[in-house]
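J.: Here it is: the structure, laid out below.
The values are calculated or read from the model by the stated rules, or taken from the named source; none is laboratory data. Since we're looking at a predicted model, the values are computed, not measured. Here Cβ is always computed from backbone atoms with ideal geometry, including for glycine, and neighbour counts include all displayed protein chains. Surface accessibility is based on the protein's heavy atoms, side chains included, excluding ligands, DNA and RNA. Shrake-Rupley method; radii C 1.70, N 1.55, O 1.52, S 1.80 Å.
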Amino acid sequence: MLRIFLAATTMALAGWAGTTGVAEAAPAPAPAVTPTPTLSPTPTPTCPPALPIAGSVTAVTTTSVTLSYSIFFRPPCGYDPPMTVSLFASREDAQQWQAPVAQAVTGPERNGTVTIDQLTPDTEYWFRFSDAEGRRDPYWIAAVRTAALTACQATATIDSRWGTGFVATVTVRSTGTQSLDRWSVSWRWAGDERIQTVWRGVAETAGADVTVRNASYNGTLAPGGATTFGLLVTTSAVPDALTLACNR
């Protein structure tokens, strides 16, 4: 009986040991895998159908032009100041952004003015805008012309006056370095003045604006040379003086 008991005990212990070994050898669970997020593409902004920047001419001299500008949109549909204004000698050069003859940089304002100087008198230029990042505005292109050099000077002397009119003599003098082959003097009346007669000149009027051009025999003036023309004017109030502009 003792042998039978020992044999049974040995078999039970062997079975318990085999069961324990299987449990210890079981593999550990695999670590959880975190999925990689899918990036959505950045949406392309829809820009309104309008000019992002516009400019206009506010003043010119014989050697400079002053432009005003307005920036309507910021990036990505527009620009941030400062802007660069480029001048070109022809429309073709401006269209192709080639061979700019002058440039100037605006201030930090989104609406302001900029002056470009050291230009040639009586010359047409074309201007365009670009920003500090080098982005060129594809829309705005316009022309501007510098003022012509003054070729002559005109002064008026009121020779006689009365209650309803006056007589004046205008002297036209060449101030350039080359001879004039024609001249014109213009001014604007301040009141109800009306020209009755002009001698030694040809008058044209448009409302209060008056232009007197040379006659056929006194249009040529050598440098420093002078000629005159006269006016008979009716008015309810005789002016103290006339402010005249003379041009070739």
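J.: Using the Karplus curve 6.51 cos²θ - 1.76 cosθ + 1.60 with θ = phi - 60°, work out ³J(HN,Hα) for each residue of the stretch 157-168 in order, rounded to whole Hz, and write x for Gly and Pro.
T.: Values, residue by residue: 10, 7, 7, 8, 9, 8, x, 10, x, 7, 10, 10 Hz.
J.: Between rounded, prolate and oblate, where does the stretch 72-121 land on the alpha carbon gyration tensor, with a ≥ b ≥ c its root eigenvalues, rounded for a/c under 1.5, else prolate if a/b exceeds b/c?
T.: Oblate.
J.: Just to be sure I understand the model, the point goes 7 Å from the Cα along the line to the Cβ. What's the resulting T211 to D192 distance in nm?
T.: 2.8
J.: Project the alpha carbons of the stretch 149-248 onto their principal axes and report the range along each, largest first, in whole Å.
T.: Projected onto its principal axes, the Cα set of the stretch 149-248 covers 42, 24, 23 Å.
J.: Here is a follow-up. Exactly which GluC sites (Glu not before Pro) in the stretch 121-204 are in a DSSP loop and have at most 12 other Cβ atoms within 10 Å?
T.: E133
J.: With a 1.4 Å probe and all protein chains left in place, how much accessible area per residue does the stretch 39-79 have, in Å²?
T.: So the stretch 39-79 comes to 60 Å² accessible per residue, rounded to a whole number.
J.: For the stretch 120-159, what relative contact order do you get, as a whole percent, if you take Cα pairs closer than 8 Å and at least 6 residues apart?
T.: 46
J.: So, for the stretch 103-248, what is the accessible surface per residue at a probe of 1.4 Å, expressed in square angstrom?
T.: 56
J.: Roughly how many nanometres apart are two label points built 7 Å out from the Cα toward the Cβ at D181 and E124?
T.: 2.1
J.: Right, next: With the crude spin-label approximation of a point 7 Å out along Cα→Cβ, what separation in nm comes out for W97 versus A241?
T.: 5.1
J.: Another question about this same structure. How much length is gained on full extension from A143 to C47, taking 0.36 nm per residue of separation minus their Cα-Cα distance?
T.: Length gained between A143 and C47: 31.8 nm.
J.: On to the next question. Per the 1.4 Å probe, what fraction of the accessible area of the stretch 58-153, in percent, lies on carbon and sulfur atoms?
T.: Ligands and nucleic acids excluded, carbon and sulfur give 48 percent.
J.: Considering Cα pairs under 8 angstrom that are at least six residues apart, work out the relative contact order of the stretch 171-224 and quote it in whole percent.
T.: Once normalised by length, the contact order is 53 percent.
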